[in-house]
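What follows is a set of notes on a single structure, which appears directly below.
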Amino acid sequence: MTLSDPIFTSLDPDQRRAVLHDGGPLLLVAGAGSGKTRAIVARILRLIHDGVPGRSILGITFTNRAAGEMRDRVVKALSEGGTPSVGDRMARAFPGAGPRSPHLPWLGTFHAFGAALLRKHGDRIGLSPRFVIYDVRDQLDLLKQILKDLNIDEKKFPPSKFAWLIERSKRDGVSVEAAALAAGWRFVTMAEQVGKAYAAALEEAAAVDFTDLIRLPVTLLRGAPDVLGSVRADFRHFLVDEFQDVDGAQAELTELIALGADSFCAVGDEDQSIYGWRGASAGPMRSFERRYPGAQVIHLSTNYRSRAAILSVAGALIGKNKLRRDKVIVPSREGGDPPAMAVYPDQEVEGREVASAVSREIRAGAPPTGIAVFYRVNAQSRAIEDALRMLRIPYVLRGALSFYERAAVRDAVSYLKWFLHPEDAVSLKRLLKFPRRGVGDVTLNKAREAARREGVPLSDALLRIPGLAPLFAFRGLWLSELAQMSPAEALYALLKGAGYLEALEAAASAPGQGRDGAGKEEDLENVRELFRVAEGFPGTGEEALREFLEKMTLAAEEAGGEESEAVRLMTLHNAKGLEFDVVFLVGLEDGLLPHSRSMESKEEMEEERRLFYVGLTRAREKAFLSLARRRNLFGSFRDTVPSRFLYDLPASLVKWEGAPGAGTRTPLRTGEPRYEREERVPSGTPRKVRHPIFGEGKVEAVEGEGADRKIIARFPVYGLKKILVRAVSMEFFD
């Protein structure tokens, strides 16, 4: 490989500058469709070309898919024949898995890197190297049990609420009760009880959750300078992708490693920062030069994805945001159809017309996989799905049940977790559900209580349960033979010997549905597919099996639709990182986009506009926009108001197929200063208000004057709301 190879000569001037940047911190501002993956891969290859050992390069991104794509390109470029070995194929499927070639960089997710760091050095903070990782489903199962133990009604206080508070507390480095107070949650004592019980349960099971995989490495590196020095010595060149999406803990972990590196390259685009609800922030990107003195900033200014007609509209939209760097994006593909905007009477008509347009695009030659429909909330998909089914157009929902979330696969993983770690009560409880072994919750709870009372491991108490004795007996036999088995052989021997495969085969021949709603034979096929995945994983013995289990658990973090010849339906959040020939953005109404929860915050409003921008910039050839004048979304029909973001779109750049508006409201006009317009509140305090989203409510107070005037009103369904008058079209009356 030389610098005259196509992978280098095909770079544009901006990409070449990024690839050839020598040392020190570099912020690569990479807009949508700007060829950032090409630049990242070329930079890694350039470092290796210049004599940097691959093993001293660390690359972090947010998804296994993205890490796998990068690794695939690097391996292909470095392989003489372009055909990686089986080990390399598995390394791409599970980044960081197995023995690493000294010629290859470490490429994986934050969570995978955190797990690897804790396996190696976790004993320094009192963590067993044999810890088990609880994914989101495991976490919720554990919280359900805790709520039951504490006599808390999970219908009134759902486990997901506590999971969110616990995640927020760990991410922000505060107690669960402090997180509850900050979130305005009144049941602080309850949150404290659940938080303490959750932490104790994790410790008892020697388990960590996904947030721990970032929090604990930060704690480790902060408190152990020698470990930090070792990590910095191992990885002299550091690269982080999707830098606009880091949360506080990830930013701190990044900084701890980056400040000691020979080179650090952060890649991101604050215009695509859309995960604020899970703690992500573009703040570290905007403050990059302050946090990393001497940093260089390079903009990738060419868009290789979208037609100029689409890009012009997207640029006008995002240009209204203030919390961003000014940038110029130049389209490499001129022309194209302007985005089309349509207004429909209601959501049912919108669904039918969108489905008809999808059908026309397919008849015109567009592959179904090249077409996507985006919406703000999942509930919007129903009308689209109904219409597509009527026309017999196949579709898949991205973000639906993934392979690793399917019941039979989760069963198999639970068996593996418990057999390797018998203190894992969550996995035990799941594996006892199928096949039934006559051991229920009452018996398990008694065993847990006995273990705590006597101060013995849970496994000792479980040994006394007659229904579990055969499992423990087989476990001992299996462990004695494990050293000679590959992960695939060990998994098969486990599921066969524990009676799971036999029960699954018997169930497959019986009528009825499997637990995921499909045929029972699919449960068996899913387990067979799991064996095929395991066959590609290298090594033998317990360590190899534990590595396989860890990669399985981390892979379950990412869900996606099936790969098939079908139209893609997804929320705007799930659209991030994808691209399609034709894109439909539906439901462009205030209350949906922007979402009603974002109305009172400037920062959240800008994130909603970024969501719109992300949706538009997924389109390569065509973009269709639509809204409904009336929508039945949460049980009742309501008149809608066009999204305020539509006022950001220059009329000359959009093909308007109807004038957005609702009721007697003035139709949308080009250049109407939506943000600056002040809606007049009658003199005095009106008694009632009609809001386009919240419905009719009682006005309790008016605050402020002029453009800052707000009303405080109480609505039957939504409760008390403070609303900036100039931001929403409302009707006041007595």
Which residues, taken from the range 322-341, are farther than 20 Å from V267 by Cβ and out of contact with any Leu (no Cβ under 8 Å at 6 or more places or on another chain)? K322, R333, E334, G335, G336, D337
So how many residues does the range 271-300 have that are of a type in the set (V, I, T) and either closer than 24 Å to D12 by Cβ or without any contact (Cβ under 8 Å) to a residue 60 or more places away in the chain (or both)? 2
Scan the range 408-437 and report the pairs whose first residue is within 19 Å of A544 (Cβ to Cβ) and whose second residue is small (G, A, S) and outside any helix (DSSP H, G or I), with Cβ atoms within less than 7 Å and a gap of 6+ or a chain change. Y415/A498; H421/A206
Which of the helices (runs of 4 or more DSSP H) contained wholly in the range 342-444 include at least 1 residues that are more than 26 Å from E505 (Cβ to Cβ)? 347-363, 381-390, 425-431
Working carefully through the options G615, G591, find the one that is small (G, A, S), modelled with pLDDT of 95 or more and closer than 23 Å to E657 by Cβ. G615
Scope the range 327-341; condition assigned to a strand (DSSP E or B), closer than 21 Å to K576 by Cα and open to solvent by less than 50 Å² (accessible area, probe 1.4 Å); matching residues: P331
Among the residues of the range 566-586, is any part of a helix (DSSP H, G or I), open to solvent by 10 Å² or more (accessible area, probe 1.4 Å) and not charged (D, E, K, R)? yes
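Table: residues versus (1) touching a residue at least 60 places away in the same chain (Cβ under 8 Å); (2) under 21 Å from the mean Cα position of the chain (by Cα); (3) part of a helix (DSSP H, G or I); (4) buried (at least 21 other Cβ atoms within 10 Å of the Cβ).
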site	(1), (2), (3), (4)
A115	yes, yes, yes, yes
R124	yes, no, yes, no
P129	no, no, no, no
D141	yes, yes, yes, no
D153	no, no, no, no
L181	no, no, yes, no
G184	no, no, no, no
M190	no, no, yes, no
Might you let me know whether the range 55-68 holds any residue that is in a loop (DSSP other than H, G, I, E, B), of a type in the set (V, I, T) and either under 26 Å from the mean Cα position of the chain (by Cα) or buried (at least 23 other Cβ atoms within 10 Å of the Cβ) (or both)? yes
May I ask you to verify whether V246 is surrounded by fewer than 19 Cβ atoms within 10 Å (Cβ to Cβ), touching a residue at least 12 places away in the same chain (Cβ under 8 Å) and closer than 17 Å to L28 by Cα? no
What's the number of the only condition in (1) at pLDDT below 80; (2) open to solvent by 80 Å² or more (accessible area, probe 1.4 Å) that E731 fails to meet? (1)
Hits in the range 192-213 (condition: of a type in the set (V, I, T) and open to solvent by 10 Å² or more (accessible area, probe 1.4 Å)): T211
Checklist (1) open to solvent by 20 Å² or more (accessible area, probe 1.4 Å); (2) in contact with a helix residue (DSSP H, G or I) (Cβ under 6 Å, 6 or more places away or on another chain) applied to H49, failing item: (2)
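Report yes if some residue within the range 440-447 is in contact with a strand residue (DSSP E or B) (Cβ under 6 Å, 6 or more places away or on another chain) and crowded, with 17+ Cβ neighbours inside 10 Å; otherwise report no.
Taking every residue of the range 440-447 in turn, none turns out to be in contact with a strand residue (DSSP E or B) (Cβ under 6 Å, 6 or more places away or on another chain) and crowded, with 17+ Cβ neighbours inside 10 Å.
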Taking the condition in contact with a Ser or Thr (Cβ under 7 Å, 6 or more places away or on another chain) and of a type in the set (A, V, I, L, M), does A314 pass? yes
Could you grab me the full set of residues in the range 11-46 that are free of Cβ contacts under 8 Å to residues at least 40 places away in the same chain and open to solvent by less than 10 Å² (accessible area, probe 1.4 Å)? V19, V41, A42
From (1) open to solvent by 10 Å² or more (accessible area, probe 1.4 Å); (2) hydrophobic (A, V, I, L, M, F, W, C); (3) in a helix (DSSP H, G or I), pick out the condition that doesn't hold for L239. (3)
Quick one: in the range 270-326, which of the residues that are over 28 Å from Y647 (Cβ atoms) and polar (S, T, N, Q) is surrounded by the fewest Cβ atoms within 10 Å (Cβ to Cβ)? S287
Out of all the residues in the range 474-510, which are closer than 14 Å to Y415 by Cβ and assigned to a loop (DSSP other than H, G, I, E, B)? A498, G499
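The values are calculated or read from the model by the stated rules, or taken from the named source; none is laboratory data. The structure displayed is predicted, hence computed values, not measured ones. Glycine gets a Cβ as well: all are built from the backbone with ideal geometry, and neighbour counts include every protein chain shown. Protein only, heavy atoms only, side chains kept; ligands, DNA and RNA dropped before computing areas. Shrake-Rupley method; radii C 1.70, N 1.55, O 1.52, S 1.80 Å.
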